[in-house]
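Heads up, the thing below is written out as structure tokens.
Derivation of every value follows stated rules applied to the coordinates shown; laboratory data play no part. Not measured: the values here are computed from a predicted model. Cβ sites come from the backbone with ideal geometry, for glycine too, and all protein chains shown count toward neighbours.
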Amino acid sequence: MSKKKRPRPEDLNLPRVGVDTHAHLDLDSFYSEVEACLDRAGKSGLAAIGNVFLDSRAYYANRALFSSHPQVFFILGVHPHEATSLDSKELAAIEQALDRDPKIKALGEIGLDFHWDRSPRDRQRFAFQAQLELARDKDKPVVIHSREADKETLNILLDLDFQDRPLLWHCFGGDSSLAQKILSRGWVLSIPGTITYSRNRALQEAVRTIPLRQMVLETDCPFLAPEPYRSKRNEPAYTVFTAAKIAEERQEPLTGIWEQTGRTAREFFHLNDAK
């Protein structure tokens, strides 16, 4: 008996107004396939994609990959895994890029990762705070990475007076209680493909109560592919399956979820309206 055929993203027939707010298309797994991935994304209903560069070296080496793709905007910052690399020279390189490139719409992904601890925690805290201060000085939105460090992440953000500043909590995987703590500060939650996993009940319950004006979508590709492509390489086109699961949980029309999360993303990142 043949295996059941996976649905194609374009089969959902969504209008081209969606936004994948967090992708890593400059990583090696995409390097020779950027054009094809972006083509599939457009056919699946995506109007914009945020590519996240994990440090200034990656940005300067790979930004040209997207020179002919105005639908790709940039997010730049030093990931907590690489916190030890953030010195005065790196911070200056990021600041220079923010000043010169209007495609960089936010500083990120920055924060704390106490799950892997690939950088010492004191260096993570230093890098996080230094980049938050830069974002505040430059009046840029920030994209947060927080894994097993939510309490400390919140404390640092509040200590630095980031309440009601433009902030997106990347790859949100928490429950309703954590969601409300973040939402009450005026921040935005980004929902990844992990919401489609059957055991992820806490996140599935949380999305039922998150206002769409504070919700956006992401893939975090090539990681965290949603069902029905779980364990495969993720890509921006698969954002549609995340939206479909959210619509199912909220018992709302898929097109409405797609359109409003796209609108929220465009407003947060100050993108031009989808054409």
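Starting from the Cα gyration tensor of region 1-137, take the square roots of the eigenvalues, sort them a ≥ b ≥ c, and report rounded, prolate or oblate (rounded when a/c is under 1.5, otherwise prolate if a/b is larger than b/c, else oblate). In terms of gyration-tensor shape, prolate.
Using DSSP to call loops (not H, G, I, E or B), can you name the trypsin sites (Lys or Arg not before Pro) in region 1-93 whose Cβ has at most 10 other Cβ atoms within 10 angstrom? Don't skip to the answer; put the middle values down first.
Details: sites: Lys3, Lys4, Lys5, Arg16, Arg40, Lys43, Arg57, Arg63, Lys89; in loops: Lys3, Lys4, Lys5, Arg16.
Listed in order of number, the matching sites are Lys3, Lys4, Lys5.
First check a/c for region 17-269, with a ≥ b ≥ c the square roots of the eigenvalues of its C-alpha gyration tensor; if it is under 1.5, answer rounded, and if not, answer prolate when a/b is larger than b/c or oblate otherwise. Can you show the working numbers first?
Details: a/c = 1.58, a/b = 1.16, b/c = 1.36.
Since a/c reaches 1.5 but b/c is at least a/b, the shape of region 17-269 is classed as oblate.
Restriction of the trypsin sites (Lys or Arg not before Pro) in region 211-258 to DSSP coil positions whose beta-carbon has at most 13 other beta-carbons within 10 angstrom yields Lys232. One decimal place: the segment Leu12-Tyr197 gains 64.7 nm when fully extended, by the rule 0.36 nm per residue minus the C-alpha distance.
When Lys and Arg each count +1 and Asp and Glu each count -1, what net charge do the other residues less than 15 Å away from Ala149, Cβ to Cβ, add up to? Charge balance near Ala149 sits at -1.
Extension gain for Glu249 to Gln180 (0.36 nm times residue separation, less C-alpha to C-alpha distance): 23.1 nm. Only Cα pairs under 8 Å and 6+ residues apart enter the sum, and on that basis the relative contact order of region 1-80 stands at 33 percent. Among the lysines of region 116-275, pairs at least eight places apart or on separate chains and with Cα atoms under 30 Å apart come to 11.
Please identify the trypsin sites (Lys or Arg not before Pro) of region 113-201 that satisfy two criteria: DSSP loop assignment and at most 12 other Cβ atoms within 10 Å. Which are they?
On the way: sites: Arg118, Arg121, Arg123, Arg125, Arg136, Lys138, Arg147, Lys151, Lys181, Arg185, Arg199, Arg201; in loops: Arg118, Arg185, Arg199.
Loop-located and lightly packed - Arg199.
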